[in-house]
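Encoded as structure tokens, the structure appears first; notes follow it.
The values are calculated or read from the model by the stated rules, or taken from the named source; none is laboratory data. Everything numeric here is computed off the predicted structure, so don't read it as measured data. Positions of Cβ are generated from backbone atoms using ideal geometry, with glycine treated the same way; all protein chains shown enter the neighbour counts.
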Amino acid sequence: MMLPKDYISFKLTGKFASDVSDASGTVMFDVKNRKWSNEVLDLLEIKEDVLPKVYESYEVVGNVSEEVSSETGLSTSTKVIAGAGDQAAGAIGTGTVDSGVLSVALGTSGVVFASSEKFYVDKENRLHSFCHANGKWHQMGVILSAASSLKWWVDNVNSDIGGDVFEKLLSEAESSPVGSNKLFFSPYLIGERTPYNDPCAKGSFIGLNVTHKRGDMTRSILEGVSFALRDSLEILKNLNVDMKEVRISGGGSKSKLWRQIIADVFNLNVSIINSKEGPAYGAAILAAVGCKLFNSVDEACKALIKTTDKIEPIRENVEKYNKLYKVYSSLYSCLKDKFKDIDNLSI
């Protein structure tokens with residue numbers, strides 16, 4: 001049984017292998033002790049010999065085989081590194097390796113990712129606790145619709161306005177005040193993962209009235225996604241995970257307005273870094289460590305990843321967003337039963 005990247009590694013080297021970060025997501029892995037779980041395997045009646053050998057993400061799995069060398073021209077001295085899952089590799093690519101640094105990815109989905117020296121578990125299972133690619137652990141919250149919420153708004157409602165649609169909508173959003181004139185957006189367009197694990201959850205505008213303009217609606221989407229990501233932040237706070245700085249990536253991070261909203265909603269400095277391709281860059285860093293160009297992943301990140309810009313939270317906005325988040329965080333519990341009623345309608 002292999003994950004996609006591990007199958008490629010197998011074809012290159014002939015070695016049956018995986019890495020700790022991807023293995024953590026199989027539900028068969030003892031994350032705390034970084035090995036396959038005998039308890040789970042016994043319950044599932046799965047023998048460990050059908051599972052790959054597990055490596056740290058920066059370790060060498062093997063070399064390119066002679067057969068592959070003859071087919072591709074790659075030297076048999078070419079090392080193949082274990083690699084990592086997308087979010088773990090992305091965190092390496094943004095330098096999220098120290099305690100106190102959070103990675104926020106504003107891609108199709110949204111991710112809040114914290115590296116830690118210790119293994120933490122949320123007893124309510126609202127966060128993922130996995131092995132990190134640098135030999136430590138990480139806690140991760142995921143929302144299913146982040147930048148894709150804005151894309152939905154563009155593609156299905158505003159695609160006919162002409163020109164650079166994203167630029168026009170974001171420009172209008174800048175003219176809307178903090179709180180979007182008391183309009184809320186729930187970004188549950190395909191259900192939700194963290195913290196609710198609810199496939200029935202629905203997207204919605206709440207508080208809409210005749211005075212609201214398109215700019216308010218666009219800004220409420222940016223704020224709603226940011227509030228949904230803050231749900232994960234609050235769980236991390238309850239676990240006493242250290243948080244001092246956010247490193248932001250993904251398509252949504254190109255918006256200066258959205259970066260400021262994240263800083264204000266999280267009440268943390270947001271750093272922009274020189275790495276634009278987080279997961280691919282992270283995989284390259286892991287390969288560099290595996291090839292002994294650096295002594296550790298942390299050393300490589302400190303050498304290669306630099307901050308190019310920093311956004312500080314605006315105190316007045318932080319106070320307003322705290323009040324708004326208090327309302328936002330109560331909306332799901334008011335609507336969750338109605339979401340199920342909608343799914344169960346027979347019409």
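Worth a mention:
- Residue count, region 22-58 (criterion: of a type outside the set (A, V, I, L, M, F, W, C) and either at positive phi or without any contact (Cβ under 8 Å) to a residue 60 or more places away in the chain (or both)): 16
- Taking the numbered list (1) farther than 27 Å from Leu150 by Cα; (2) modelled with pLDDT under 95 in turn, Thr94 passes all entries but (1).
- The residues on offer are Gly162, Gly191, Gly207, and the sole one that is touching a Cys at 6+ places or on another chain (Cβ under 7 Å) and either at pLDDT 95 or above or farther than 27 Å from Thr308 by Cα (or both) is Gly191.
- Selection from region 204-242 of residues that are more than 23 Å from Val165 (Cα to Cα), among the β-branched types (Val, Ile, Thr) and free of Cβ contacts under 8 Å to residues at least 40 places away in the same chain: Val210
- Taking (1) in contact (Cβ under 8 Å) with a residue 60 or more places away in the chain; (2) buried (at least 22 other Cβ atoms within 10 Å of the Cβ); (3) not in a strand (DSSP E or B) in turn, Lys302 satisfies each apart from (2).
- Number of positions in region 165-199 that are farther than 16 Å from His212 by Cα, small (Gly, Ala, Ser) and crowded, with 19+ Cβ neighbours inside 10 Å: 1
- Whenever a residue of region 75-90 is over 14 Å from Lys292 (Cα atoms), its partners that are assigned to a helix (DSSP H, G or I) and charged (D, E, K, R), lying with C-beta atoms within less than 6 angstrom and at least six residues away or across chains, give the pairs Thr76/Glu66; Gly83/Lys5; Gly85/Asp22.
- Hits in region 180-193 (condition: out of contact with any Lys or Arg (no Cβ under 6 Å at 6 or more places or on another chain) and over 20 Å from Lys254 (Cα atoms)): Asn181, Lys182, Leu183, Phe184, Phe185, Ser186, Leu189, Ile190, Gly191, Glu192, Arg193
- Test: residue in region 238-258 that is surrounded by fewer than 23 Cβ atoms within 10 Å (Cβ to Cβ), within 19 Å of Ser99 (Cα to Cα), in contact with a Ser or Thr (Cβ under 6 Å, 6 or more places away or on another chain) and among the polar types (S, T, N, Q): no
- The set of residues in region 60-78 that are surrounded by 15 or more Cβ atoms within 10 Å (Cβ to Cβ), assigned to a loop (DSSP other than H, G, I, E, B) and of a type outside the set (Ser, Thr, Tyr) comprises Val64, Leu74.
- Selection status of Ile342, under 30 Å from Glu59 (Cβ atoms), at pLDDT 95 or above and outside any loop (DSSP other than H, G, I, E, B): no
- Taking first residues from region 243-270 that are on the phi > 0 side of the Ramachandran plot and partners that are at pLDDT below 95 and buried (at least 24 other Cβ atoms within 10 Å of the Cβ), the Cβ contacts under 6 Å between residues at least 6 apart in sequence or on separate chains come to Gly250/Ala105; Gly250/Leu106.
- Among the residues making up region 264-283, those that are out of contact with any helix residue (DSSP H, G or I) (no Cβ under 8 Å at 6 or more places or on another chain) and either part of a loop (DSSP other than H, G, I, E, B) or over 30 Å from Arg230 (Cα atoms) (or both) are Leu268, Asn274, Lys276.
- Residues of region 110-124 that turn out to be in contact (Cβ under 8 Å) with a residue 60 or more places away in the chain and among the polar types (S, T, N, Q), as a count: 1
- Applying the set (1) within 26 Å of Ala147 (Cα to Cα); (2) in a strand (DSSP E or B) to Ser18 leaves exactly one unmet item: (1).
- Sole exception among (1) among the polar types (S, T, N, Q); (2) part of a helix (DSSP H, G or I); (3) under 21 Å from Ser129 (Cα atoms) for Ser57, by number: (2)
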